[in-house]
Amino acid sequence: MTTATRVAEVQGRRLMFAHLDEMLWPEDGVTKSELLDYYTDVAGHLLPFVANRPLSLQRAPDPLTGECIYQKTAPPGLPSWVPTRRVRSEHAALGYADYVIGADLPAFLYLLNLGFISVHPWSCTVDALDRPDQLLFDLDPTEIAFREVRNAALLVRDLLGLFKIRAWVKTSGGRGLHVMVPLAPIHSFEQARTAAETIVRMARSREPRLFTLDMRRARRRGKILIDVHRNHRGATLVSPYGVREYTGATVSTPLEWPELERAMYPEELHIRSVPARLRGVGDPLASFFRYPQSLAPLLDSGRPRRLRPMV
């Protein structure tokens, strides 16, 4: 039976944390208390990526089945200082649903205390729900060496670079990688998805045996799916520094591109190693939102060009 509790003052909010000795990853000895301490440590790097955004919440793995439940809409009974907003949603029976909106550390820790282990933000803010401020590529491998995933991410980076678009990268927390581009909120989700699909077509033309478009995992052994469906309104991606459900309490960790150019092992990036890494090498995503970009060069590349009149 888990009984440990703690009362703490966090930025002017009095919070009571319960069941602190609950084993969330029993095979690694990671408790709820350690999860809360980890997020308190990295909050300054994580919160800018969830602030003012609708969130989906991921519960800890079920101790019997190992399955995780994603809660897309706000759980009932939240205090008034945990912000929520009614948002138009295709997932809601009535067309609208209340979503948790990312805010400050007390609100974030309150959600974790309810039994969630990570948050998955939308790629837009609640004030511009139809204008993404990120372009996302989710590189999802199936039974393929991680070095191939690294090469795939570097290829996506280089293809974006052809259009003078700068990208950042983070691990998924599993065996995949996420390539991220900060955007000025001037494009629609349809335009973002079109731009992403253009890069995927180029990648497949370069490496047709490496990439697949098949969403069915059983059909893509030895392949990498570049999932561009993250560029839909309402789609989510785990936050940077979010803890994943996998064995080892691995973390979705931002990387510098040169780290992908040499051997690295994503399973080494976990709840117990990432805070020290941040103190040692800094945050590769620290400047991310300072470089909002336009997709116009990429979108224009797919438009038919007018023929010059013959003279």
**Report entry** GNM result for the chain, Cα springs below 10 Å: residue of P48, P297, P266 fluctuating most strongly
**Finding:** P297
Report summary line: Counting only protein heavy atoms and rolling a 1.4 Å probe, one gets per residue an accessible area for segment 158-311 in Å² of 53 Å²
Query raised in the report: Counting only the backbone N, which residues of segment 10-44 are under 13 Å from the spot 7 Å out from the Cα of R272 toward its beta-carbon?
Result: 25-31, 34-35
Query raised in the report: Where only protein heavy atoms count, and the probe is 1.4 Å, what is the accessible area per residue for segment 1-107 in Å²?
Result: 55 Å²
Query raised in the report: Among A192, A276, A153, which one shows the biggest mean-square fluctuation in a GNM of the chain, springs joining Cα atoms closer than 10 Å?
Result: A276
Report summary line: Comparing D158, D300, D37 in a Gaussian network model of the chain (Cα, 10 Å), the one with the largest mean-square fluctuation is D300
**Report entry** Rounded, prolate or oblate (a/c below 1.5 giving rounded, otherwise prolate when a/b exceeds b/c) for segment 99-245 by Cα gyration tensor
**Finding:** oblate
Report summary line: Checked against a 32 Å limit on the C-alpha separation, the offending pairs among K72/K223; K164/K223; K32/K164 are K32/K164
Report task. Loop sites only, by DSSP: take the GluC sites (Glu not before Pro) in the chain that have at most 15 other C-beta atoms within 10 Å and name the longest stretch containing none of them. Result -> 144-255
**Report entry** Per-pair calculated FRET efficiency, R0 = 25 Å: L213 and R147 via Cβ, rounded to 0.05
**Finding:** 0.70
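The values are calculated or read from the model by the stated rules, or taken from the named source; none is laboratory data. For clarity, every value in this text was computed on a predicted model and none was experimentally measured. FYI the Cβ positions are ideal-geometry reconstructions off the backbone, even for glycines, and counts take in every protein chain you see. To get the accessible areas, we keep the full protein, side chains included, count just its heavy atoms, and leave off ligands, DNA and RNA. Shrake-Rupley method; radii C 1.70, N 1.55, O 1.52, S 1.80 Å.
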